[in-house]
Amino acid sequence: MVKHYRPPGKKKEGNAARYITRSQAVKHLQVTLPLFRRLCILKGVFPREPKKKVKGNHHTYYHVKDIAFLQHEPLLEIFRDKRAYEKKIKKAESKKNPDLANRLRTRIPTYTLDRIIRERYPKFVDALRDLDDCLTMVHLFAALPALEREKLEVDRVHNCRRLSHEWQAYISRVHKLRKVFISVKGIYYQAEVEGQKVTWLTPHALQQVLPEDDVDFNVMLTFLEVYETLVTFVNYHLYHSINVKYPPILDPRLEALASDLYALSRYFDANSRTSMVDPQASNTIGSEQVEAQQKGTPPDESELRLAQLQHHLPSNEPGALMRLVEDVAGEDEEDEDTRECKKLFKNLKFFLSREVPRESLLFVIPAFGGVVSWEGGGAPFNEADQSITHQIVDRPTQGHKFLSREYVQPQWVYDCVNARIILPTENYMVGRVPPPHLSPFVDNEAEGYVPEYAETIKRLQAAGRNEVLPLPGVGKEDLEDPQKLLVEGVIDRAEANEAAERKRKMILEQNRYLDELKMEVDGVRSSSTAPDNKQTSKVKKAGEESDPDIQRVVQDHANMSKVVMSRNKRKLYEAMEIGKKRKQAHVDLLKERKRKIEGAKKSGET
């Protein structure tokens, strides 16, 4: 069908009809650029990259449907009304009418993001998948100081701190923490919640210096506004999944002492105890509130808070305060990882000195079944307790030492968590240089380089599982040798004979395949029936080294395969080869560094 001529400007089609530039979108919505950027962040609208950029490469493009989605957003009208009220307040202040300005401030429209969160995350699994950046942002702002020039208020910082502690308390209570790694940027955590792996980063407990011009805090605060609501929804769902009320009611004394995690653990203990003893007791306070409201005498907020705390908090006993490993009432069957993590620090009692990262260890140790206290107010037990098994210190000298406990550095806790075993404490003693802190997020086998301490941890893990691993300097192929296993007493003679026969057949098939491959490259037609004397000779030479030109045969076969590839596949294959060579070069560099360090140690000893 012949395409008719259409005058320009009558009707658009293709990319011109599907995409719109940012300036056109701002003009279409009749908003300012900061308000448009804020709407896009709240609604989850992001720029697109069309194949053909009609207006040029220097423009930012959005989909027309996304802009129509923003056009019908109720928040747009609220922001416009709010902008109008701000103009009226400014006008009243310029006319020196403070009464009118204060009256207008009380009437400024407000909004919530609950509906937007339900739209963006229709299922709870969707919210968990998008929780990594969310938790990282909340933990970041929980450690920042309040600044008026950046519109970072004190209430905002306190709210982020509360949300982060509520999340950590839940993860610690249900023992879902899996990996911990300390880096220069901060501390990386990974938890597994309802089958989803959630990884977040927390900054170190140091004084934070905010940059003045490098960071746009308005954009970050808009993201934080969404993330705060999302974390609140997630915490509400998780707390109710283990039959715990949300938001939690904490002890004001512990809150004043900055012991929020410990206060949350007490709240968990109290809720689990009341749900097991008297399921109807939790509704008594709510019924009293309803009766008081019906009588027309609203109860005092402080009295109500004290009554709730008196009802919820457990008895003030050192043993009852840190019941962090009790089973939650009505808890589902735990998986294998949770049971393993729950018993790692079982029957161990820790005490934290004042110089160690307290908040991180208060989160990690209870998550793996340990009982912990610290130096300061609100602690469940003091340093003189004789039942303490480990004291976490980071000072070279101690004023007083107890012979009944072990003094270790904080890295020992994190290495035990990542290895899932209790490591020996000799290398982590006070004053010693600890072993390298290995990242649990790196697959050493895939990278091609296994550090020496990783091999040591692997042997300790195998010893705990009663497995057989090769000795240092011996490869895995030695474990496959049936004669060596027979000499070491691992297997009997019948199993050794069967293993030897299987190995002989496997080598025979491998040599036959290499022969056929070489004949194919040389242009000789391979025969399926080979003389018996050739097979016997191959069997006799099975243990010997292969022919030196086999590597050339394999290389020629790879080159022939590359010839028949298409251009895109060939370039992809070459890129993969470059990546492998780069990884191998990195492995060689690490091995060279290791050799130099070992040589320097030997020369220093001599």
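Values quoted throughout were computed directly from the atomic coordinates according to the rules given, and no laboratory measurement underlies them. Just so it is clear, the structure is predicted and the values come from calculations on it, not from any experiment. Neighbour counts are summed over all protein chains in view; Cβ atoms, including those assigned to glycine, are modelled from backbone coordinates with ideal geometry.
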Pairs to check: K179/K458; K179/K343; K245/K343; K342/K458; K185/K596; K346/K401. Give those whose C-alpha atoms are more than 19 Å from each other in this structure. K245/K343; K342/K458; K185/K596; K346/K401
Let me check I've understood the local charge: for R105, count other residues with C-beta under 12 angstrom from its C-beta, Lys and Arg +1, Asp and Glu -1. What total comes out? +2
Nearest 5 percent is fine: what portion of the DSSP beta bridges confined to the stretch 337-465 is antiparallel? 10 percent
Cβ-Cβ FRET estimate between E520 and D443, R0 fixed at 35 Å, reported to 0.05: 0.45
Need the full-extension length gain, V54 to R354, defined as separation in residues times 0.36 nm minus the C-alpha distance. One decimal, nm. 101.8 nm
Cβ-placed point charges (K, R +1; D, E -1), dipole of the stretch 18-107 about Cα centre in debye, nearest 20: 240 debye
7 Å from Cα along Cα→Cβ at both K458 and V154: what's the point-to-point distance in nm? 5.5 nm
Ranked packing of 182-195, 440-453, most packed first, by mean Cβ within 10 Å: 182-195, 440-453
Of T106, A68, I89, which is farthest on the positive side of the dipole of the stretch 18-107, counting Cα position, with +1 on Lys and Arg Cβ, -1 on Asp and Glu Cβ, and the Cα centre as origin? I89
Spin-label model distance (nm) - Q24 vs H240, 7 Å beyond Cα toward Cβ: 4.4 nm
Once D588 and Y513 are pulled to full extension, the length gained, defined as 0.36 nm per residue separation minus their Cα-Cα distance, is 23.8 nm
Packing-based order for 556-563, 112-119, using average beta carbon neighbours within 10 Å, highest first: 112-119, 556-563
Order of 564-573, 421-430 by packing, highest average Cβ count within 10 Å first? 421-430, 564-573
Gain on full stretching of the segment that runs from R552 to V450 - 0.36 nm per residue minus C-alpha separation: 33.8 nm
